[in-house]
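Novice: Input: one structure, supplied below.
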C-alpha cells in the first residue's frame with residue numbers, strides 16, 4: 001500500500017510540474033547547438049525573449065502540442081582574421097513535422113564569439129524572430145496580431 005501512495009504522489013508532482021497552457025496559446029521549445037562560448041545559452045535565451053514579446057510562451061523541454069525551434073551554429077574560416085558564422089533555425093510543428101528553415105550568415109572578427117555573445121545573440125534572435133513566427137500557424141486572431149509586423153494591416 002505504501003508503494004502505491006508513493007507512485008500516486010510522484011504522479012501528482014509530475015502533473016503539477018507541467019505548465020498549463022490554453023488551447024490557443026503558441027508554445028515553443030528552443031534548443032541551440034554548436035555555438036562557441038556561451039552562444040548556445042545566449043541564443044536560446046534571446047530567442048525566448050523575442051518570441052515571448054510576440055506572445056509565444058517557452059517551455060524548458062519538448063512536450064506534446066509544442067513547437068520546436070532548433071538552432072544549429074557553424075563557424076568557418078574566412079579571410080584576413082575573419083570567420084563566417086552560420087545559424088540555421090529549423091522549426092518543427094507540434095506533431096514533429098518540419099515546417100521550414102531560416103538561415104543567417106555573417107562574417108565576423110575571428111574569435112569575437114569565443115566567449116560571450118551578448119548583443120550578438122540578441123541581434124541574431126531579433127533578425128530571425130519574424131521569419132520563425134511565419135512558420136508557426138497562428139491559432140487565433142490575438143496571436144496573429146502579435147506576430148504581424150508593425151504597420152501591417154490585420
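Novice: Do you know which residues across segment 41-57 are farther than 21 Å from residue 120 by Cα and buried (at least 20 other Cβ atoms within 10 Å of the Cβ)? Don't jump to the end; show me each part of the working.
Specialist: Pass one, segment 41-57, residues farther than 21 Å from residue 120 by Cα: 55-57.
56 - this is the single residue of segment 41-57 that is farther than 21 Å from residue 120 by Cα and buried (at least 20 other Cβ atoms within 10 Å of the Cβ).
Novice: Of all residues in segment 102-154, how many are modelled with pLDDT of 95 or more, under 17 Å from the mean Cα position of the chain (by Cα) and surrounded by 14 or more Cβ atoms within 10 Å (Cβ to Cβ)?
Specialist: Residues in segment 102-154 being modelled with pLDDT of 95 or more, under 17 Å from the mean Cα position of the chain (by Cα) and surrounded by 14 or more Cβ atoms within 10 Å (Cβ to Cβ): 19 in total.
Novice: Identify, please: which residue in segment 59-101 is touching a helix residue (DSSP H, G or I) at 6+ places or on another chain (Cβ under 7 Å) and under 14 Å from residue 133 (Cα atoms) and is, among those, surrounded by the most Cβ atoms within 10 Å (Cβ to Cβ)?
Specialist: Taking segment 59-101 as the starting set, the residues that turn out to be touching a helix residue (DSSP H, G or I) at 6+ places or on another chain (Cβ under 7 Å) are 69, 71, 73, 87, 89, 91, 99-100.
If we keep only those that are under 14 Å from residue 133 (Cα atoms) too, we end up with 69, 89, 91, 99-100.
Numbers: 69: 26, 89: 24, 91: 21, 99: 16, 100: 14.
My answer is 69.
The values are calculated or read from the model by the stated rules, or taken from the named source; none is laboratory data. This is a predicted model, so every value here is computed, not measured. Reconstructed Cβ throughout: ideal geometry from the backbone, glycine too, with neighbour counts over all protein chains shown.
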